[in-house]
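Below is one structure, written out as structure tokens; comments come after it.
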Amino acid sequence: MNRDTTVGPGPDADSCAAPNLEAALALARAKSSLDTAIGTALSRVGLSLDDLRRLRLIGVQPQGLNRENLAEAMGEPRSHAVRSSLPLVKLGWLSRAESGEFVLTDSGRALIDQAEGLAEKAAHRWFSDSGLSPTEVLATLGSGRSPHSRPR
């Protein structure tokens, strides 16, 4: 399989006229490449990277998350938060409380454990191939999560 993990400057990078744009485009290429690498691994358990993020975000809240808080945490419109969560409910990985909150089920918690192992291996390969250091990325960009971001 020939994966393009190039995350450096694109063909127009010799021009320093727009360094911020070039950096933004390089990040976009890296995100796309990383999403593909991890998404391919997660497809073995029927998840996308966004699904895993969604399950993890909901799982850290014992009472679950309502659509407003989920949408804010995912950075998406409320309607998309609901539309993307309903298949996870149908599969039994989330439940929906009468009050509307999405709550992680026991099978969802077990799926997270399995999916995180697959995603970690894929991410390790991607970082090795790209030459980027995950430690440096976290130091520069932060983890983007709360201190209690692992489901209990």
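The values are calculated or read from the model by the stated rules, or taken from the named source; none is laboratory data. Computed from a prediction, not measured in an experiment: that's the story for all the values here. Neighbour counts run over all protein chains shown; Cβ positions are idealised from the backbone, glycine included. Surface areas here come from the heavy atoms of the whole protein model, side chains and all, with no ligands, DNA or RNA. Shrake-Rupley method; radii C 1.70, N 1.55, O 1.52, S 1.80 Å.
Segment Glu98..Ala28, full-extension length gain: 21.3 nm, with 0.36 nm per residue of separation and the alpha-carbon distance subtracted. Charge dipole (Cα centre; +1 on Lys/Arg Cβ, -1 on Asp/Glu Cβ; no other charges) of segment 19-68 amounts to roughly 120 debye. Measuring r between the beta carbons of His80 and Asp35 and using R0 = 22 Å, the FRET efficiency lands at 0.85.
Summing +1 for each Lys or Arg and -1 for each Asp or Glu among the other residues whose beta-carbon sits under 11 angstrom from that of Arg78 gives -1. At a probe radius of 1.4 angstrom, the accessible area of segment 26-85 per residue rounds to 51 square angstrom.
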